[in-house]
Each structure stands twice: as C-alpha cells, then as structure tokens.
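Chemist: My questions all concern the structure below.
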Amino acid sequence: MLGEVTHVTLFYWRHKILAALKQIPTEEFQGIVEMDETYFLFSEEGKRNLVERKPRKRGGKSKYRGISNDQVCVLVARDRQKMTYSGVLGRGRIKTTKLDEAIGGHLSDSNVLCTDSWRAFSSYANSKGLAHYRFKSDGKQRVKGVYHIQNVNSYHSRLKKWMDRFNGVATKYLQHYLAWFRFIDSKEYENTSSNKKNMLVLSCLFAVKETNVHLRQASYSC
C-alpha cells in the first residue's frame, strides 16, 4: 500500500497515462531518416496457464539462438531533427509489409533512408523509390559522408538500458513503455516538476478507453 492506494492501482494508473502518451503522433520526417530494428524477449508476464512454453524466470532469455519468434521486433526511425517513431512490429524478423504499415505515412520521396543491411529495408526503399544508404553490421564502414545510423543505434542503447530497470515487461504493454521512453528521451531525462506536469497534461489531450479490466485482460497479437 502507498497511503490508501495499492501498488496494483498505481500500475493501472500508469498504463492509462501511457495509453494516452502512445497516441502522440509522429510528424512527417525531414531529410535523412535513420532506421533500425531492435528486439525484446516475448513475454506473457502475469499470464497464467501459458500454452506455448514453460514460464521463465523474471527477465529470462530465449531458448533459441539468433532472431526467432521468441523475440519481438521494435522498429525505431529517427530523423536529424530528432522526430522519432518507435513501434512494435511483431514477433521474429522484420517484414517489408510491416514497415509500410508502421512508417509509410511519415515518409516522402524527399527523404533519404539510412539502415543496416537487412534485406527488408532494401526492398522497402526500392519499392518506394527512396534514396538508401546501407551499413553492414560488421561495423567496418560506419559513415558515408553525412550518412550513418549512429543516432538510431544510440537511441536503441538508451532504450535498452532504461528498460533494464523493469527486468522484463509483458509484451502486451511494450508499446506503452516505448511511448514513455520516447517522451522522457525528448526531455533529456530531466526529472523536473515541469516535465512531470507536461507529461500529465499531454496525457489529458487524448481519449483513453482502457479500464483496469481491459488492461488486465488485454493480450498481444502480432
């Protein structure tokens, strides 16, 4: 208990606020857009009677090597003005169709994409007629003039470090945490009263229909 409020109630209040924050739109990207995916372990934390596997210890790890359906793909796209999209795209490797659903509305033919060498990015850039610079994961060539993916990789690093404090989160709530991080990263982690108030005010600008029961019974579907 915290005063007269239980930690369970606080948990659901948190997610009602985050459900609003995830509605903050990503504006159209300008100029160079760095795009890369990262992966989080698929988690059904809090769910009883798991069907696909035995329960893991908190945090846990995948039983498979490499990328598999045990992992959830998160795409991050970020321009040089720090406009950022971050979203859950599904389980396993990223797919070209999912890319268009996620960020197609934020790109124009004036954008230049910078990505790693995964073929889904190349296929997507070709299908949209976008200029595209690719960087192999071996890191031998990290920069081509003004083109690189160092900003988006740095964002991944900050995101993963911040997420570590939760020791794994249920995948059905992952998009909420991505929205939370996007907000605090834009405020440079300044833990000020002004930023806290701004977060609460922003959360009041969007309609939230989630109830405690809806949040508790929600499930992740890719």
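Chemist: Looking at (1) touching a helix residue (DSSP H, G or I) at 6+ places or on another chain (Cβ under 6 Å); (2) in a loop (DSSP other than H, G, I, E, B), find the lone condition where Lys82 falls short.
Modeler: (1)
Chemist: Which one is farthest from the chain's Cα centre (by Cα), of the residues in region 148-162 that are of a type in the set (Ser, Thr, Tyr) and closer than 11 Å to Arg78 by Cβ? Give the steps one after another, and end with the answer.
Modeler: Looking only at region 148-162, we keep the residues that are of a type in the set (Ser, Thr, Tyr), and these are 154-155, 157.
Imposing the further condition that a residue be closer than 11 Å to Arg78 by Cβ reduces the set to 154-155.
Numbers: Ser154: 14, Tyr155: 10 Å.
Across region 148-162, the extreme among qualifying residues is Ser154.
Chemist: Right, next: Residue check: is Lys172 in contact with a Phe, Trp or Tyr (Cβ under 8 Å, 6 or more places away or on another chain) and modelled with pLDDT of 85 or more?
Modeler: Numbers: in contact with a Phe, Trp or Tyr (Cβ under 8 Å, 6 or more places away or on another chain): yes; modelled with pLDDT of 85 or more: yes.
Taking the combined requirement at face value, the residue satisfies it.
Chemist: If you check every pair at least six apart or on different chains, which have Cβ atoms under 6 Å apart with a residue in region 75-97 that is touching a residue at least 24 places away in the same chain (Cβ under 8 Å) and polar (S, T, N, Q) first and a residue that is in a loop (DSSP other than H, G, I, E, B) and open to solvent by 10 Å² or more (accessible area, probe 1.4 Å) second?
Modeler: These pairs meet every condition: Gln81/Gln30.
Chemist: Related question: Of all residues in region 108-138, which are in contact (Cβ under 8 Å) with a residue 60 or more places away in the chain and in contact with a helix residue (DSSP H, G or I) (Cβ under 7 Å, 6 or more places away or on another chain)?
Modeler: Hits for region 108-138 are Leu113, Thr115.
Chemist: Looking at (1) modelled with pLDDT under 90; (2) in contact with a helix residue (DSSP H, G or I) (Cβ under 9 Å, 6 or more places away or on another chain); (3) closer than 21 Å to Arg80 by Cα, which one does Gln141 not meet, given that it meets all the others?
Modeler: Gln141 satisfies every listed condition except (2).
Chemist: In region 106-125, how many residues are assigned to a strand (DSSP E or B) and either basic (Lys, Arg) or open to solvent by 10 Å² or more (accessible area, probe 1.4 Å) (or both)?
Modeler: 2
Chemist: Evaluate the following for Ser86: is it surrounded by fewer than 16 Cβ atoms within 10 Å (Cβ to Cβ) and of a type outside the set (A, V, I, L, M)?
Modeler: Taking the combined requirement at face value, the residue does not satisfy it.
The values are calculated or read from the model by the stated rules, or taken from the named source; none is laboratory data. This is a predicted model, so every value here is computed, not measured. When we count neighbours, we look across all protein chains shown, and the Cβ atoms used for this are built from the backbone with ideal geometry, even at glycine. Please note that ligands, DNA and RNA were not included when accessible areas were found on the heavy atoms of the full protein model with its side chains. Shrake-Rupley method; radii C 1.70, N 1.55, O 1.52, S 1.80 Å.
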